[in-house]
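Presented below is the structure to which this report refers.
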Amino acid sequence: MGSYGAGGTDRDARRPVRGIALDIGSSRTRAWAPGAGVFADVPSTAVRRGRVADAPSQLLLLKRLAAAAPGGGSHDTVVMLTHPVLAAPEEREAVRRVVAGLGPVRVIAVDSARAAAAYAAPSGGGPLLVVDLGARLTEVTLVVDGRVQDARLAELGVDDLPAHGGVPDAVAGTAADMVSDMWREDGTGAVRGALRRGVLVTGGGALRLDVTARLAQVLRGRVRLANDPATSVVRGAGLMLASALRHPGARRTP
């Protein structure tokens with residue numbers, strides 16, 4: 001995770017702080033707040049394949065969501081912001097600048113795979129393969145001991161399939177190819193161990209059962225659908241946010 005913001009005075013530390021977790025996807029923007037859970041799940045206005053294409057329009061949307069969040073618009077805000085695992089630094093910075101327009105006390109960035117794992121990873125520990133089937137992106141990430149060990153990204157998602165009678169191979173096959181590439185390059189056995197545990201499938205595309213069934217078939221293994229896979233990333237970010245809000249540093253203004 002990366003954070004943005006600086007310390008303040010002890011008096012600032014006593015100011016009320018609210019928190020919002022944001023998952024800004026190519027198709028949907030989702031928001032979570034303590035005590036409310038997922039309180040917004042709306043179409044993204046200006047995001048193209050994980051990149052902000054129109055910052056002012058997206059900021060207007062975020063301002064509406066922030067105004068609707070518990071705590072109103074008068075408090076300092078801590079934002080837990082998710083991003084694609086392989087988002088370039090300039091892409092992450094572009095999204096951070098949009099979110100900074102809300103005037104948060106602190107922006108904490110976390111990749112979507114670790115956020116999903118925080119919410120939906122099976123118990124018992126061990127390596128985890130996360131396949132995020134998005135609207136316009138497909139990501140495969142190997143998480144070991146809470147860290148990203150390997151990741152692959154394809155600019156292809158379930159929205160690229162025909163609405164009716166779409167062949168799921170395009171997305172499922174692409175995800176399986178990325179897993180295979182990881183397997184060939186893995187010298188630790190982590191990918192093999194993760195496949196034995198079962199692949200965790202998240203993202204709105206996980207609701208396309210033809211795609212997930214085809215993915216299980218081509219991987220010749222078990223896939224685990226996250227509970228409410230479309231919101232698993234923002235829910236995991238919310239859990240991480242709740243932990244951050246318990247830390248005294250979250251109450252310091254820039």
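The values are calculated or read from the model by the stated rules, or taken from the named source; none is laboratory data. Note that this is a predicted model, so its numbers are computed, not measured. The accessibility values were calculated without ligands, DNA or RNA, using every heavy atom of the protein model including side chains. Shrake-Rupley method; radii C 1.70, N 1.55, O 1.52, S 1.80 Å.
If Glu155, Glu185 are ordered by their accessible area, calculated over protein heavy atoms with a 1.4 Å probe, which sequence runs from highest to lowest?
The ranking, largest first, comes out as Glu185, Glu155.
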| note | Mean-square fluctuation maximum in Gaussian network of the chain, Cα pairs under 10 Å, restricted to Arg208, Arg235, Arg92, hits Arg208
| said: As a test, work out the antiparallel percent of DSSP beta bridges whose residues both lie in the chain, rounded to the nearest 5. | reply: 60
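How would you classify the range 126-243 from its alpha-carbon gyration tensor, with a ≥ b ≥ c the square roots of the eigenvalues: rounded for a/c under 1.5, else prolate if a/b is greater than b/c, otherwise oblate? Could the numbers behind the result be given before it?
Details: a/c = 1.81, a/b = 1.16, b/c = 1.56.
Here the range 126-243 falls in the oblate category.
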| Which entry in (1) 120; (2) 194; (3) 132 matches volume of the Cα convex hull per residue in Å³ derived from the coordinates of this structure? | (1)
| field | Vicinal HN-Hα couplings computed from phi for the range 139-146 (Karplus, 6.51 cos²θ - 1.76 cosθ + 1.60; Hz; Gly/Pro x) | value | 10, 10, 9, 9, 10, 10, 6, x
| In degrees, nearest ten, helix 232-245 long axis to first principal axis of the chain (Cα) | 40
| message | Check which residues have an amide H placed less than 5 Å from Val105's amide H, if you skip close sequence neighbours. | response | Thr77, Val78
| Mean separation of Cα pairs under 8 Å and 6+ residues apart, divided by the residue count of the chain: what relative contact order is that in percent? | 25
| said: For Cα pairs less than 8 Å apart in space and 6+ apart in sequence, what is the mean separation divided by the residue count of the range 125-180, i.e. the relative contact order in percent? | reply: 29
| task | Report, in degrees rounded to the nearest 10, the 0 to 90 angle that the Cα long axis of helix 55-68 makes with the longest principal axis of the chain. | result | 70
| Add -39500 (n - 2.57) for each DSSP H run of 4 or more in the chain, then divide by its residues: what number comes out at 222 nm, to the nearest 500 deg cm²/dmol? | -10500 deg cm²/dmol
